[in-house]
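The values are calculated or read from the model by the stated rules, or taken from the named source; none is laboratory data. None of the values given here were measured: they were computed from a predicted structure. Using ideal geometry, Cβ is built from the backbone for each residue, glycine included, and neighbour counts are taken over all protein chains shown. Heavy atoms of the whole protein, side chains included, go into the accessibility calculation; ligands, DNA and RNA do not. Shrake-Rupley method; radii C 1.70, N 1.55, O 1.52, S 1.80 Å.
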Amino acid sequence: MDRKLSQALAKSFKGFDVQSRIDRLESWQSRAADTSRPNYDHTETVNDFYDLSTELARWGWNESFHFAPLRVGESLNDAIIRHERLMINKLQLDNTKTVLDVGCGIGGPMRHVARATGAKVLGVNINEHQIEIGEALNKKANLAQLTDFVKCDFMDMKVLEPNSFDAAYAFESTAHAPDKVGAYEQIFRVLKPGAYFWGQETILTDHYQPQNLEHKHIKNRLMNTMTLCEIYSIAEVHKALERAGFKVLECEDLGRSSADSVPWYMPLTGKGEVFHASRTSPIRRAYTLMTLRVVEALRLVPKGTAAATKLTAAVADASIEGGRSGIFSVLGCFLAQKLTTHKMQS
């Protein structure tokens, strides 16, 4: 294992009890369902998830923490770059635009947008550690003049002026929203009339059968490991966008198989010549867990670091199970436009 990973984990976990965060995260569904404790805050759960997983995601996924449609023989990194270019083209971005990156992670797409178009990009994020990493990476890329972050929950973006952005995008981030329509309404509010919103959602496919016990088990495992309050179908995403006030121009599952495509979850399986040596493969994940147990025993990383690694591995395993079953996709992509004002739900 690269020494940089253990050093990054030690630094990111400094100042909090890792095992307590893990225990809190593992119990999130039972706490959310406990009506005797009405003060459950899903923002806290999502923040715990990213506090524990960001450095491991960075280790395996580089800077853009999202999936992309894969072509035969194409690496994940190349697919991500191609997919982000598609988003840039859909939003018609150039150096006259101001763009909102909703749930921006450490800013991989943000830097791609700024570098490729000269547009100014503001990233919304609740996680301080991710913002700290993103700011350093933006500065290193000489893009600090075009990029910025605001610590903010995308469910409540009152710190941003209404009608102030020319475009917005969200890569898998609004999947965490406890209220999908509410999240879309917040984005609608800050966009200028005529502005475009591009998004990528985790979705249930048309193969999902609510009465199928195996399907229900897989769905619950996905929701639990990925901290998702619900998983929508592509039709429900379409309807939620319309309820928020958007005109939906495109809305489809780009994860559907075709003659020249590779299943979106393949990088997680380590199968095939392109992915067998990937850090996201099961063998590399097992090796990382084994070595982190040793490093943790030597007290070079905080207690609970190896357990945090198992949590991120559980996300990968659930994603593979959902993808292979045909009921789950991370590539529910849409393009929507704000044409008129919209009265937000109370």
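Summary table
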{"item": "Positions within region 305-339 being in a helix (DSSP H, G or I) and not small (Gly, Ala, Ser), in sequence order", "result": "Thr305, Thr309, Lys310, Leu311, Thr312, Val315, Asp317, Ile320, Glu321, Arg324"}
{"item": "Per-region count, region 9-30, residues outside any helix (DSSP H, G or I) and in contact (Cβ under 8 Å) with a residue 12 or more places away in the chain", "result": "4"}
{"item": "Matching option when the condition is aromatic (Phe, Trp, Tyr), touching a helix residue (DSSP H, G or I) at 6+ places or on another chain (Cβ under 7 Å) and over 14 Å from Leu191 (Cβ atoms), among Phe149, Phe154", "result": "Phe149"}
{"item": "Top-ranked residue of region 277-288 - restricted to ones that are assigned to a loop (DSSP other than H, G, I, E, B) and either within 21 Å of the chain's Cα centre (by Cα) or within 11 Å of Ser75 (Cα to Cα) (or both), ranked as modelled with the lowest pLDDT", "result": "Ser278"}
{"item": "So Leu52, is it open to solvent by less than 60 Å² (accessible area, probe 1.4 Å) and assigned to a strand (DSSP E or B)", "result": "no"}
{"item": "Within region 55-70, considering residues that are among the hydrophobic types (A, V, I, L, M, F, W, C) and under 12 Å from Thr309 (Cα atoms), the one surrounded by the most Cβ atoms within 10 Å (Cβ to Cβ)", "result": "Leu56"}
{"item": "Yes/no for Gly255 being assigned to a loop (DSSP other than H, G, I, E, B), farther than 25 Å from Arg31 by Cα, in contact (Cβ under 8 Å) with a residue 40 or more places away in the chain and in contact with a His (Cβ under 6 Å, 6 or more places away or on another chain)", "result": "no"}
{"item": "Filtered residues of region 315-341 (kept if open to solvent by less than 10 Å² (accessible area, probe 1.4 Å) and polar (S, T, N, Q))", "result": "Ser319, Ser329"}
{"item": "Residue that is nearest to Asn127 (Cα to Cα), among those in region 31-49 that are in a helix (DSSP H, G or I) and small (Gly, Ala, Ser)", "result": "Ala32"}
{"item": "Residue under evaluation His217, criteria (1) under 17 Å from Val330 (Cα atoms); (2) free of Cβ contacts under 8 Å to residues at least 40 places away in the same chain, criterion not met", "result": "(1)"}
{"item": "Among (1) touching a residue at least 40 places away in the same chain (Cβ under 8 Å); (2) open to solvent by less than 50 Å² (accessible area, probe 1.4 Å); (3) not in a helix (DSSP H, G or I), the one test that Gly73 misses", "result": "(2)"}
